[in-house]
Amino acid sequence: EGLALNVPSVRRVMQTFDAVPPGIAPDALGALSVSGDARFSDSDVAVSNALVTLDNQSARGSASIYLDAVPTITANLTGGTLDLRPYINLEASSAQQRQQVATASDPAAPWGTDPIDVSGLKLANAQINASIDGLDLGITRFGPSKASLVLEDGIFQAQVDETSVYRGAARGRILIDGRTDVPAMSAQLQATAVQAGDILRDFVGIEFLEGSSQTNINLT
């Protein structure tokens, strides 16, 4: 009981192993603190009543790792509004920027020709449930959200039960099957009363449409 861990600078630790991901803001990956109750055995590690704080952002919950040839991770997390802008580099683009990208692309392969490698999905199994008050990606903001992530035998599934975004509501599911050399993906998305003009402006660069939309997307 009463586990306490404090790391003054996560960035400094990662720099020791030359492992700082590109695109991270210079002032991100600072102080990390973890508190809670821990249990250790020959086969697993578990933390309960945990509070994790990184860069003044925090989440509560419990987690365990079953140590095997393929480790199994389970976690239940709750948090306030998480700001991911320092860790990811997403920016809204204008129609002009989109046109420049399209012009520079190979018309025969506009998405590139490099194979998609998802072999990392086989390295672990996981069941993670999360509930947060909000999520800021820079390019857009999500309101209260509930989501679950499941990773089992090379199959990854992410499901958002409900979230508010662009003044509307959305839910969806994405599945990636990485068991074979050529991965497969399917996705379903339902959005209601979402402001279509805002989405098209941020993600596609189209700036002349307005109005709310109701959308259903099924992709395989």
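Values as computed for the structure displayed
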{"item": "Per-peptide average of other Cβ atoms within 10 Å, ordering 17-29, 155-167 highest first", "result": "155-167, 17-29"}
{"item": "Net charge contributed by nearby residues that have their C-beta within less than 14 Å of THR163 (K/R +1, D/E -1)", "result": "+1"}
{"item": "In Å², nearest 10: area of THR140 left accessible to a 1.4 Å probe", "result": "10 Å²"}
{"item": "Residues of segment 1-71: accessible area per residue with a 1.4 Å probe, Å²", "result": "68 Å²"}
{"item": "Net lengthening on full extension, THR74/THR180 (0.36 nm per residue, minus Cα-Cα)", "result": "35.7 nm"}
{"item": "Separation of alpha-carbon centers, segment 19-85 and segment 169-187, rounded to whole Å", "result": "25 Å"}
{"item": "By average C-beta atoms within 10 angstrom, highest first, the peptides 142-154, 116-128", "result": "142-154, 116-128"}
{"item": "Residue-level accessible surface for THR180, protein heavy atoms, 1.4 Å, Å²", "result": "90 Å²"}
{"item": "Tail beyond 20 Å, pair distance distribution of segment 132-196 (Cα, percent)", "result": "37 percent"}
{"item": "Two-site FRET efficiency, VAL45 against LEU123, from Cβ-Cβ distance with R₀ of 25 Å, rounded to 0.05", "result": "0.90"}
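The values are calculated or read from the model by the stated rules, or taken from the named source; none is laboratory data. Every value quoted in this text rests on a predicted model; they were computed, and no experiment measured them. Neighbour counts run over all protein chains shown; Cβ positions are idealised from the backbone, glycine included. Protein only, heavy atoms only, side chains kept; ligands, DNA and RNA dropped before computing areas. Shrake-Rupley method; radii C 1.70, N 1.55, O 1.52, S 1.80 Å.
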